[in-house]
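Asker: Let me begin by handing over the structure; questions about it come next.
Coordinate-derived values only; no laboratory data. Keep in mind that this is a model prediction, so the values were computed, not measured. All Cβ positions, even for glycine, are placed from backbone atoms using ideal geometry, and neighbour counts span all protein chains on display.
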Ligand SMILES: [Zn+2]
């Protein structure tokens, strides 16, 4: 089954070899999807025939968003906590335990249905690659269940048993459990290991021990670092070869230098600062120093309950002084770098056919027109996932 998408007014490839600037922009383009891959890309006038055709009518086409940081296996919600925070109470991370109680009490079916609902919500907003963390179980059985269910539906799975020390346990005892029985139960379902390295959660020594155990079990580190204040997280992430240091809200010069000199991506999560009224990370300082920057949602029921990558792009531009091109790159190619994926986050022959048709003539509209529906059509791995009517029409 092949589909030609023709009359693309502006195609974002993220490949400077294919077009203009860092986004590799091509005007008046077409692409051909064959199976789950892109088989052809070029000028609209030269597009080959295919089994089916979609007329983009001059709209912009981008790679699907890569959301490289989300916590989606949970039950319940915390709207009242948000309202309290907006009335002046600070965010401390303590509400995680509320979600842990609700998640433990939920059935597998409830957790699976909530995860599927959120991934579908992401898909219809153009997100085609989703990373999903555990971290609301905090027992061997509940963490194993979280990564097992995540592995059924998400593209990338991260074991975050070290999200917070559960109520009624000593930190040392909990770290011992995370690094032995819990890790052994979860590693078969996960690619990544993560730790909430923060003064309210795990310190540098505990973080180092947990990441080292994860590496021994075949997992690759990524790290929650420097969200609530300055700390050792970012430099620790770089030192252990983490794919990404996430949040990066409070950075020293040494942290910025370490990121710029490494392959560790700085993943910024501006929806969190929006939802917790914290200062935004200094994206300009990171970009100007030469660090690789990604943007993700951090979707979770506590500190940021949005699935919208477009909203995060708009925040990155307005509040973190990124250009629209830098923000769109960070939300697509940047996320792919943070997940060490070469098949997603760009459009070219052989890439996974993750295609987002914007209902706008340019990618700039993502930041220029915040809060409006932007998505005309989405394919994930060659399968039409939005709108449903188009998917039905295509027999996909
Ligand atoms: Zn997070």
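Asker: How tilted is helix 309-320 with respect to the longest principal axis of the chain? Cα atoms for both, answer in degrees (0 to 90, nearest 10).
Answerer: Here the helix axis deviates by roughly 70 degrees.
Asker: Sticking with this one: Going by average Cβ density within 10 Å per residue, which order do the peptides 362-374, 127-139 take, highest to lowest?
Answerer: On the way: 362-374: 17.0, 127-139: 27.2.
The packing order, highest mean first, is 127-139, 362-374.
Asker: Determine the gain in length on full extension of the stretch residue 263-residue 40; use 0.36 nm per residue of separation and subtract their C-alpha separation, reporting nm with one decimal.
Answerer: Taking 0.36 nm per residue and subtracting the Cα distance, the gain is 77.2 nm.
Asker: Something else: If r is the Cβ-Cβ distance from residue 97 to residue 17 and R0 is 51 Å, what FRET efficiency results, to the nearest 0.05?
Answerer: On the way: r = 49 Å, r/R0 = 0.97.
After rounding to 0.05, the efficiency reads 0.55.
Asker: Per residue, what volume in Å³ does the Cα convex hull of segment 66-338 take up? Intermediate values should be presented prior to the final figure.
Answerer: Working: hull volume 29.6 nm³, N = 273.
For segment 66-338, the hull spanned by Cα atoms encloses 108 Å³ per residue.
Asker: Can you put 251, 153, 347 in order of Cβ neighbours within 10 angstrom, beginning with the fewest? Show your work: numbers first, answer last.
Answerer: Numbers: 251 24, 153 17, 347 28.
With the sparsest Cβ surroundings first, the list reads 153, 251, 347.
Asker: Could you tell me how many degrees, from 0 to 90 and to the nearest 10, lie between the Cα long axis of helix 96-105 and the main elongation axis, the longest principal axis, of the Cα atoms of the chain?
Answerer: Relative to the chain, helix 96-105 is tipped by roughly 80 degrees.
Asker: Could you order peptides 252-262, 309-319 by the average number of other Cβ atoms within 10 Å of their residues, highest first? All intermediate terms of the calculation are to be shown ahead of the outcome.
Answerer: Details: 252-262: 17.1, 309-319: 23.3.
The most tightly packed comes first, giving 309-319, 252-262.
Asker: Of the peptides 155-162, 19-26, how do they stack up when ordered by the mean number of other Cβ atoms within 10 Å, highest first?
Answerer: Numbers: 155-162: 28.0, 19-26: 17.8.
Put in order of decreasing packing, that is 155-162, 19-26.
Asker: Hey, how many Å between the Cα centroid of segment 143-183 and the Cα centroid of segment 360-381?
Answerer: 36
Asker: Something else now. Relative to the longest principal axis of the chain, what angle (0 to 90°, nearest 10) does the C-alpha long axis of helix 204-216 take?
Answerer: Between the helix axis and the principal axis of the chain, the angle is about 60 degrees.
Asker: Right, here's the next one. For 54, 305, which order do you get if you count the other beta carbons within 10 Å of each Cβ and list the fewest first?
Answerer: On the way: 54 25, 305 17.
The fewest-first ordering by Cβ neighbours comes to 305, 54.
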